[in-house]
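Reading through the structure tokens given below for one structure.
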There are 2 protein chains.
Amino acid sequence: MLQDKNITVVGLGLIGGSFAMALRDLKPRNLWGIEKNPEIIKSAVDSHILDAAPTDGSDILANSDIIIVALYPKNTVQFISQNKNLFKRGCVITDTSGIKGSLVYDIQNTLDDSIDFIGGHPLAGKAENGYINADKNIFKDSNYIITPTHKNKRENINMLADILKAMHCKSIIEMSPEEHDRIIAYTSQLPHVIAVSLINSLENQYDLAPVIGGSFKDASRVAVLNSELWCELLEANSENILRVIEGFEKNVQLLKGALIDKDKELLTYCFQTAYKKRKEIS
Amino acid sequence: MLQDKNITVVGLGLIGGSFAMALRDLKPRNLWGIEKNPEIIKSAVDSHILDAAPTDGSDILANSDIIIVALYPKNTVQFISQNKNLFKRGCVITDTSGIKGSLVYDIQNTLDDSIDFIGGHPLAGKAENGYINADKNIFKDSNYIITPTHKNKRENINMLADILKAMHCKSIIEMSPEEHDRIIAYTSQLPHVIAVSLINSLENQYDLAPVIGGSFKDASRVAVLNSELWCELLEANSENILRVIEGFEKNVQLLKGALIDKDKELLTYCFQTAYKKRKEIS
């Protein structure tokens, strides 16, 4: 499938490194990397995950048919903008950022029409960051959202989806950048806000470790997050996030009110509704 | 260890059934069950998990050295109160209720001093209830809180702890009934309130299943709960729960304020504090 394609991964952190490892199995013509830490490139080339770069960074981009930008959101926009004149005509660029809204349009408006930028968001990850934790299996059975716009060519969207399927992603879901940000605020960003708030409300009086059960561990797991990245993600999607936080707060208040009023009927209603809704999505 | 002890499990639901299965491996003299559904008793006896009862329920209790009451909290108090004159002198009774506060003292005050009631709470379970889901492995590597008071004999507390260890529980933690309820409000009941509120705040506009990642699944997993039991648990511990909900709400409001004010410094502080605290308990 990729034997005539040169692919470049930009940013060899957890996601970029995992991408490189998964793409290696698909046998592209060349698989190159761009990464500010030269030791990571050396390590990836030494272990035959990446091919050695022909000469310098600009040559890599000029010869790449597919480019995966796995940087933080602001750096993604900046990297593409700074290199917009270096990309090969007809190349396909995708990113891995957890927000899509204005990012996708900003990038598409920056680029020449011959270059196809398709936004992407792998619903995959690990608590620990960096190339050292990269693992091609993070994509296995995970979902992947792509956010094409009317500017993208159907053949390129399909090629990207085929690559992701070949990397063993479970579902490739297409939606608009706006829909992505509305949904992801609820399905990903709100659980992170909750995890952080739950763990920060620890009263610090007890040694809790031995009395913690599965429910607490699960609800707080993602509190171990990358603070710099998550500031960017929340700030860029703050309108949607504030809306879902408020919806969540109303439901907490409903339960609280039922407890204060000893309203067993309302409490039961909240529990039964939750049971039914959760069953539907599991 | 238990070859001269008759043990009775009262209530063969998920926890009681799992107890019976785990206790069977410890080879007690007799292992009996009391359960309102006679088919469950028959099934447990047929599959050699329980021994057949000598004659009727009252004979069982009069001959039991150890009794595990695995009923809902109110039914636990009621069962022990109703049968208080049937228990064997010197027997040890424990329960499995998720609240301990007044329950332990109410039961101890009901009973003759020759009968030792020791409160217990297995931090173990499954989303699905009932004997049909019982599994001795739910105790494996799980923590178990016991809440002895000054009324309990040390030898009986140690015997109970030894049985739980033999059932492969990871840690047996002793604390007062009051401390149990204070802590469990935070480590178990609050995550359940959060899971229910998270899932109930679903806007219902989208088919979310394919775009849900691990963070949402984890945070909402325990929303599939037993509504009748959880009404009892929350009502019996409402003062502690309201306190921890309010602590949690303050932390959500802090994050919300930081987002509204675009206060990156405060956002970073919240994230970094959460990261550090969560790392400490994992």
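Going by the alpha-carbon gyration tensor, a ≥ b ≥ c the square roots of its eigenvalues, is segment B:210-265 rounded (a/c under 1.5) or, if a/c is not under 1.5, prolate (a/b greater than b/c) versus oblate?
Values: a/c = 4.62, a/b = 1.37, b/c = 3.38.
Note, shape of segment B:210-265 comes out oblate.
Let a ≥ b ≥ c be the square roots of the eigenvalues of the Cα gyration tensor of segment A:29-106; is it rounded (a/c under 1.5), or, if not, prolate (a/b larger than b/c) or oblate? Provide the component values of the computation, followed by the final result.
Details: a/c = 2.08, a/b = 1.49, b/c = 1.40.
Here segment A:29-106 falls in the prolate category.
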Fill in: Most to least packed among B:188-198, A:96-106 [average Cβ atoms within 10 Å]
B:188-198, A:96-106
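Which order do A:His121, A:His150 take when ranked by solvent-accessible area (1.4 Å probe, heavy atoms of all protein chains), largest first? Walk me through the numbers on the way to the answer.
Numbers: A:His121 20, A:His150 170 Å².
Of A:His121, A:His150, the descending order of accessible area is A:His150, A:His121.
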Fill in: Residue-count net charge about A:His121 - beta-carbon cut-off 11 Å; Lys, Arg +1, Asp, Glu -1
-1
Discussion item. In Å², and per residue, what accessible area does the protein assembly as shown have when probed at 1.4 Å with the other protein chains present?
Written reply: 42
Discussion item. Once ligands and nucleic acids are excluded and a 1.4 Å probe is used, how much of B:Val45 is accessible, expressed in Å² to the nearest 10?
Written reply: 40
Fill in: Electrostatic dipole magnitude of segment B:1-48 [Cβ: Lys, Arg +1; Asp, Glu -1; Cα centre; debye, to 20]
120
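Can you give the mean number of other chain Cβ atoms that lie within 10 Å of the Cβ atoms in peptide A:262-272?
Taking all residues of A:262-272 together, the mean is 4.
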Worksheet item: Residues with beta-carbon under 13 Å from that of B:Ser18, excluding B:Ser18: net charge, scoring Lys, Arg +1 and Asp, Glu -1?
Response: +1
Worksheet, complete the sentence: Log entry: pair-distance distribution for segment A:1-145, C-alpha pairs binned every 10 Å from zero, whole % per bin is 12, 45, 37, 6
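Given R₀ = 56 Å, FRET efficiency for B:Asp4-B:Glu246 by Cβ-Cβ distance, to 0.05? Walk me through the intermediate numbers first.
Details: r = 51 Å, r/R0 = 0.91.
Calculated transfer efficiency: 0.65.
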Worksheet item: Lys/Arg Cβ at +1, Asp/Glu Cβ at -1, dipole of segment A:149-205 taken about the Cα centre: which of A:Asn152, A:Asn200, A:Ile183 is farthest positive-ward?
Response: A:Asn152
Discussion item. If you consider only alpha-carbon coordinates, what radius of gyration and Dmax does segment A:106-231 have, in Å?
Written reply: 18.4, 61
Worksheet item: Considering amide H positions built from the backbone, and no H for Pro or chain starts, which residues 5 or more places from B:Thr8, or on another chain, come under 5 Å of its amide H?
Response: B:Trp32, B:Ile66, B:Ile67, B:Ile68
Worksheet entry | B:Arg29, A:Arg154, B:Arg278, B:Arg89, reordered so the largest accessible area comes first (probe 1.4 Å) | B:Arg89, B:Arg29, A:Arg154, B:Arg278
Fill in: Using θ = phi - 60° and Karplus 6.51 cos²θ - 1.76 cosθ + 1.60, couplings along segment B:81-96 (whole Hz; Gly, Pro as x)
5, 5, 10, 4, 8, 9, 5, 6, 4, x, 6, 10, 10, 9, 10, 10
Response to the item:
Once Lys and Arg are counted +1 and Asp and Glu -1 for all other residues with Cβ under 14 Å from that of B:Ser97, the total becomes -4
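On the accessible surface of chain A, probed at 1.4 Å, how many percent belong to carbon and sulfur atoms? Please list the in-between numbers first.
Values: 5690 of 11970 Å².
Carbon and sulfur: 48 percent of the exposed surface of chain A.
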Worksheet entry | Where Rh is the Kirkwood radius over Cα pairs, Rg/Rh for segment B:1-73 | 0.92
Worksheet, complete the sentence: A correct Karplus calculation of ³J(HN,Hα) over segment A:184-201, with 6.51 cos²θ - 1.76 cosθ + 1.60, θ = phi - 60°, whole Hz and x for Gly and Pro, returns 5, 4, 7, 7, 10, 6, 4, x, 6, 4, 5, 4, 5, 5, 4, 6, 6, 8
Discussion item. So, taking all protein chains as they sit and a 1.4 Å probe, how much accessible area belongs to B:Trp230, in Å² rounded to tens?
Written reply: 30
Worksheet item: If you look at just the Cα atoms of chain B, how large are its Rg and its Dmax in Å?
Response: 21.4, 72
Response to the item:
Everything considered on the Cα gyration tensor (a ≥ b ≥ c; rounded for a/c under 1.5, else prolate if a/b is larger than b/c, else oblate), segment B:160-202 must be described as oblate
Practice prompt. List every residue whose amide H lies under 5 Å from the amide H of A:Glu174, counting only residues 5 or more places away in sequence or on a different chain, with H placed 1.01 Å from N in the peptide plane.
Written response: A:Ile146
Fill in: CD proxy at 222 nm, helix term only [per DSSP H run n ≥ 4: -39500 (n - 2.57); per residue of chain B; nearest 500]
-14500 deg cm²/dmol
Discussion item. Compute for the protein assembly as shown: radius of gyration divided by Kirkwood radius, i.e. Rg/Rh, restricted to C-alpha atoms, rounded to two decimals.
Written reply: 1.08
Practice prompt. Show the residues, 5+ positions off or on another chain, whose built amide H is closer than 5 Å to the amide H of B:His168.
Written response: none
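Mind putting a number on the dipole of chain A about its Cα centre? Charges go on the C-beta only, +1 for Lys and Arg and -1 for Asp and Glu, and I need it in Debye to the nearest 20.
Working: 31 positive and 36 negative charges, 145 e Å.
With only Lys, Arg, Asp and Glu charged at Cβ, the dipole is about 700 debye.
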Fill in: Simple Cβ-charge dipole of segment A:1-128, Lys/Arg +1 and Asp/Glu -1, about Cα centre, in debye nearest 20
140
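The values are calculated or read from the model by the stated rules, or taken from the named source; none is laboratory data. Predicted, not measured: the structure shown is a model, and the values here were computed from it. All Cβ positions, even for glycine, are placed from backbone atoms using ideal geometry, and neighbour counts span all protein chains on display. Ligands, DNA and RNA are stripped out before the accessible areas are found, and what is left, the full protein with its side chains, is counted by its heavy atoms. Shrake-Rupley method; radii C 1.70, N 1.55, O 1.52, S 1.80 Å.
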